[in-house]
Structure formats: structure tokens, C-alpha cells
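Down below is the structure, laid out as C-alpha cells.
The values are calculated or read from the model by the stated rules, or taken from the named source; none is laboratory data. Just so it is clear, the structure is predicted and the values come from calculations on it, not from any experiment. Neighbour counts are summed over all protein chains in view; Cβ atoms, including those assigned to glycine, are modelled from backbone coordinates with ideal geometry.
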Amino acid sequence: MKRLFSNVINLTLVFIVGIALSSCTVSNASMGSSSPWSLVDLETEANPLDVDFVDEKNGFLVGTNRLILETNDGGITWKERNLDIPSEGNFRLISVDFKGQEGWIAGQPGLILHTTDGGNNWTRLDLGNKLPGDPYLITTIDADSAELATTAGAIYKTTDAGTNWEAIVLDTSGSGGIRELRRTNSGGYISVSSLGNFFSVLNPGEKTWSPHQRASSKRVQSVGEQPNGDLWMLSRGAEIRFNANPEDIDSWSKPIIPIVNGYNYQDLAWDPSNSIWAAGGSGTLLVSNDDGQTWEKDPVGEFVPTNFIRILFVDDSNSDSPKGFVFGERGNLLRWQG
């Protein structure tokens with residue numbers, strides 16, 4: 001009798017799982033035969049979080065535990081760079097951005113660095129308690145001009161090298177506080193609320209966030225912009241979605257689940273050849289060459305003992321050799337070789 005009861009329970013669970021997966025596109029990702037990535041030895045246990053370049057060869061990488069590294073060979077090798085950061089406190093340097101020789105670094109708590117000579121010299125700005133939230137994303141606009149987004153969903157602009165900051169957003173409540181925030185190619189912003197229960201959009205020229213519901217009951221991990229301007233969404237349960245209707249921001253495709261391994265995806269990005277890359281926990285690094293229909297595991301990422309947290313292809317139209325990086329915890333970094 002007990003065995004019969006157990007079999008009934010198992011069959012019921014199989015039926016429930018089958019119903020759940022029937023509304024998804026599940027792909028059994030195979031292992032790729034080659035990889036465009038190579039592992040870079042950063043000689044640190046800190047987490048790399050962002051990178052940008054002054055020119056073809058020179059660039060900066062920032063991360064947790066006060067990490068600032070500099071490269072002079074296009075990102076092949078990196079060396080530590082000591083800048084004017086207060087000795088007390090464990091600063092998390094979260095964003096770096098250059099436009100020519102003009103560059104900014106944003107860190108938590110309350111740290112801003114500014115350079116006008118390609119990173120040879122930096123000026124430290126003390127924000128104190130002037131802005132709500134901590135710096136999260138900084139974007140170089142022009143000479144002495146930048147936009148700064150904070151963890152409270154506030155966005156400010158300076159045109160005088162950081163002496164004064166003007167609020168762009170009038171009411172930050174629509175952002176829900178943020179777990180993640182990105183700037184769009186058109187100059188707007190997309191944020192995911194701190195609880196992952198909705199995402200918000202700030203279009204260029206607007207003063208308030210426009211909140212939007214998540215695509216399902218599963219909490220949102222990340223929302224970003226596709227190369228064509230449509231959105232993509234990553235949700236708990238390793239689900240990937242794309243905008244189903246370009247005219248409707250709340251219209252989403254069925255969830256795509258490339259593999260079921262118990263780890264969520266943290267980021268999605270398109271490489272220079274328009275293949276889609278997804279990164280997640282326990283060395284999960286996947287690629288699709290057919291717009292997300294089928295996926296392959298990357299053989300280099302598969303054997304790196306880390307959680308991948310971000311994929312970044314540096315936007316540099318003047319470069320003949322596109323730069324891309326996958327950021328992993330504990331000092332792990334992959335460099336794009338194409």
C-alpha cells in the first residue's frame with residue numbers, strides 16, 4: 001500500500017513538472033567544440049565588476065575590495081594602479097567609463113574619481129551624504145560632464161566636473177530601489193527593483209520612472225536591451241525571455257531554459273557576430289548562434305571554478321579588434337579573442 005501511494009505521488013510530481021515545462025522552451029545544451037574566450041590571471045581574489053578603455057591599448061578595470069587595475073596592451077595583462085582612495089573602508093568600485101581622455105570611476109560608499117588626461121591623473125570627489133543611495137553607474141557625456149545613477153534610482157548630471165549635480169529624476173519611488181540598472185543606447189535607463197518584483201524604464205527626457213510588471217511569478221534577475229532596441233529579461237529558474245512585440249514593452253515570449261542545472265543566469269549579451277551569450281552560476285557560460293533557439297556550453301567557461309556575474313563587450317566603433325570580457329567572482333576574468 002505504501003509503495004502504491006509513493007508511486008502515485010511520483011507520477012503526480014512528474015505530471016506537474018511536465019505541465020510546467022510545457023509552457024517553456026527547454027534546450028539540452030551540448031558542449032561547444034571551441035571557445036572564443038581565454039582566461040586572464042588578475043592575481044586577486046576581488047570580484048572584477050567593470051572595465052573600459054581610453055584607446056585601443058589603455059584601459060582600467062575596477063571591482064570589489066578597492067580593486068583598480070590598468071592595462072597597456074588591450075586587456076591581455078593587468079597591473080595594480082594605486083589611486084587616491086581613503087585608506088579606511090572597504091570600497092567597492094562598481095563603474096568606470098571613458099569618452100576619449102575624459103573618464104570617471106564610481107564606487108561605494110560615496111566615491112567618485114575623475115580624469116581628463118586618460119587616467120594619468122585622477123581627482124577624488126567627496127559626495128558625502130549629498131545624494132540618495134550609493135553610486136551605481138556613471139556615464140561620461142562630454143568634457144567635465146557625466147551622469148550618475150544611484151542605488152536609490154536617483155540620476156544626476158554634472159557639467160562642471162562634479163562640483164554640482166542636477167537631479168534628472170523627480171521621484172525615485174517608481175524604481176523600487178534597484179538591484180540592477182543599465183543605460184540604454186538612446187540615453188534612457190532600465191532598472192530592476194531591489195526585490196525583483198518589477199522593472200522600470202526611464203525614457204530620455206522624462207523625469208519619472210515608469211514601472212512594469214514582471215513576465216511571470218518568478219522574480220526578475222536582470223533586464224537589458226537587445227541590439228535592435230527591444231528588451232530581454234532574465235528571471236529566477238534560469239529563464240530567458242525576449243520582447244514578443246516591439247510595440248508593447250509588456251509583451252514577452254515564452255521562457256527559454258537552455259539548461260536546467262539549478263543556477264540562475266546573471267547577464268545576457270550579444271557579441272560582435274550577433275551571437276547571444278548567457279552567464280550564470282558555477283561556470284555557466286552559454287552561447288546561441290540562432291537567436292536563442294538552441295544553445296551550447298562554452299568549453300572554457302565550463303571549467304572555471306566561479307560564478308559568472310557579467311558579460312561586457314566594449315562599445316568602440318573605432319577599434320579593429322572588438323573587446324569583450326566575462327566577469328567572474330574571486331578574480332576570474334575571461335577575455336574575448338573572437
In segment 62-80, the residues that are under 15 Å from Gly328 (Cα atoms), hydrophobic (A, V, I, L, M, F, W, C) and in a strand (DSSP E or B):
Val62
Do you know which residues across segment 146-161 are over 22 Å from the mean Cα position of the chain (by Cα) and free of Cβ contacts under 8 Å to residues at least 40 places away in the same chain?
Thr158, Thr159, Asp160
Could you check how many residues of segment 258-288 are at pLDDT below 95 and hydrophobic (A, V, I, L, M, F, W, C)?
2
Would you point out the residue of segment 31-59, among those that are among the polar types (S, T, N, Q) and in contact with a Ser or Thr (Cβ under 8 Å, 6 or more places away or on another chain), that is surrounded by the most Cβ atoms within 10 Å (Cβ to Cβ)?
Asn47
Among what's in segment 113-153 and is β-branched (Val, Ile, Thr) and outside any strand (DSSP E or B), pick the residue that is surrounded by the most Cβ atoms within 10 Å (Cβ to Cβ).
Thr151
Among the residues of segment 98-109, what is the count of those that are buried (at least 20 other Cβ atoms within 10 Å of the Cβ) and either closer than 16 Å to Leu69 by Cβ or of a type outside the set (D, E, K, R) (or both)?
6
With respect to Ser282, determine if the residue is among the polar types (S, T, N, Q) and out of contact with any Gly (no Cβ under 9 Å at 6 or more places or on another chain).
no
A careful count of residues in segment 168-204 that are modelled with pLDDT under 95, touching a strand residue (DSSP E or B) at 6+ places or on another chain (Cβ under 7 Å), under 16 Å from Leu137 (Cβ atoms) and outside any loop (DSSP other than H, G, I, E, B) gives 1
Just one of (1) closer than 25 Å to Ser175 by Cα; (2) out of contact with any Lys or Arg (no Cβ under 7 Å at 6 or more places or on another chain); (3) among the basic types (Lys, Arg); (4) in a loop (DSSP other than H, G, I, E, B) trips up Lys254, so point out which.
(1)
So Tyr263 fits all but one of (1) within 20 Å of Ser186 (Cβ to Cβ); (2) in contact with a Gly (Cβ under 6 Å, 6 or more places away or on another chain); what number is the exception?
(1)
Here is a list: Ile257, Ile249, Ile276. Which entry is in contact with a Cys (Cβ under 6 Å, 6 or more places away or on another chain) and among the aliphatic types (A, V, I, L, M)?
Ile257
Tell me whether segment 176-189 contains one or more residues that are under 22 Å from Ser95 (Cα atoms), hydrophobic (A, V, I, L, M, F, W, C) and surrounded by 14 or more Cβ atoms within 10 Å (Cβ to Cβ).
yes
